[in-house]
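Data block below; observations after.
What follows draws every value from the coordinates through simple rules; no lab data is involved. Predicted, not measured: the structure shown is a model, and the values here were computed from it. Here the Cβ is made from the backbone with ideal geometry for all residues, glycine too, and neighbour counts use every protein chain on show.
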Amino acid sequence: MKFLTSTIAIVATLLTSTATARPTIRAPGADNIVLINSESDYCMVFPKFPGMDIGASEYPGGTQTFCTNPTDSSLQGTIPAGFFRNVAYVQGTGDSGQSYVQLTGCINPGLIDRLNPADAGGQYDSNGGDTGEGNPIGSQCEGYNSYVELIEPAGNRACIRCCNDPADCPLTMDTSGCAAVIPGNYFDC
């Protein structure tokens, strides 16, 4: 009888915790990972549909990863040569003492049909969004704990930083632009 009572208690606990648990985030696939290996080998998040504003793409299924060297052509778009007209690649140590890597610079938004060249821009990240689970949800930077990315098509500017400490990838200045969020070289673009 004790065994039966214990078994019922365990099953009841499991059912209760399953019913109240938040849904799990899917493991990131090739369509939900950014990376920075160099100024010519990187992946970034873009709107999934042509001519879309960054802000309008911030819903589940509204984004897609694009890479200079795609590993899965069915899930990733291709960033053409010349997208960054001028780019600075930096590996550094943040205020936290943890490492980060970043790209900052001037872009040619006309080379990616997903961007609206008149869009003032927006931010994608791994820890923000309405749920704190990223925008897009579950996205991450390969080899790092956190990332923040801003694309400003109308200003011909973009930036992305991958950080080991999320404090080095600030999310609270998303309307302040690249230079405020990710200090770096923007070549007067």
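Observations, loosely collected:
- Given charges at beta-carbon only (K, R positive; D, E negative), |dipole| of the chain in Debye: 540
- Correct option for log10 I(q)/I(0) by the Debye sum over Cα atoms at q = 0.10, 0.12, 0.13 Å⁻¹ [calculated from the coordinates] among (i) -0.55, -0.72, -0.80; (ii) -0.36, -0.52, -0.62; (iii) -0.42, -0.56, -0.63: (iii)
- Where the Cα pairs of region 52-107 fall when distances are cut into 5 Å bins, in %: 4, 14, 14, 18, 22, 18, 10, 1
- Cα-based helix-to-principal-axis angle, 2-20 vs the chain, degrees rounded to 10: 30
- Cα-centred dipole magnitude for region 108-176, charges only on beta-carbon of K, R (+1) and D, E (-1), debye, nearest 20: 200
- Helical content of the chain, expressed as a calculated mean residue ellipticity at 222 nm, amounts to -3500 deg cm²/dmol (DSSP H runs of 4 or more residues, -39,500 (n - 2.57) each, divided by residue number, nearest 500).
- ³J(HN,Hα), Karplus 6.51/-1.76/1.60, whole Hz, each residue of region 99-116, x for Gly, Pro: 7, 8, 9, 8, 10, 9, x, 9, 10, 10, x, x, 7, 10, 5, 6, 8, 8
- Debye, to nearest 20: dipole size of region 57-137, +1 on Lys, Arg Cβ, -1 on Asp, Glu Cβ: 340
- Most fluctuating residue given options G121, G51, G77, as computed from a GNM of the chain linking Cα atoms under 10 Å: G51
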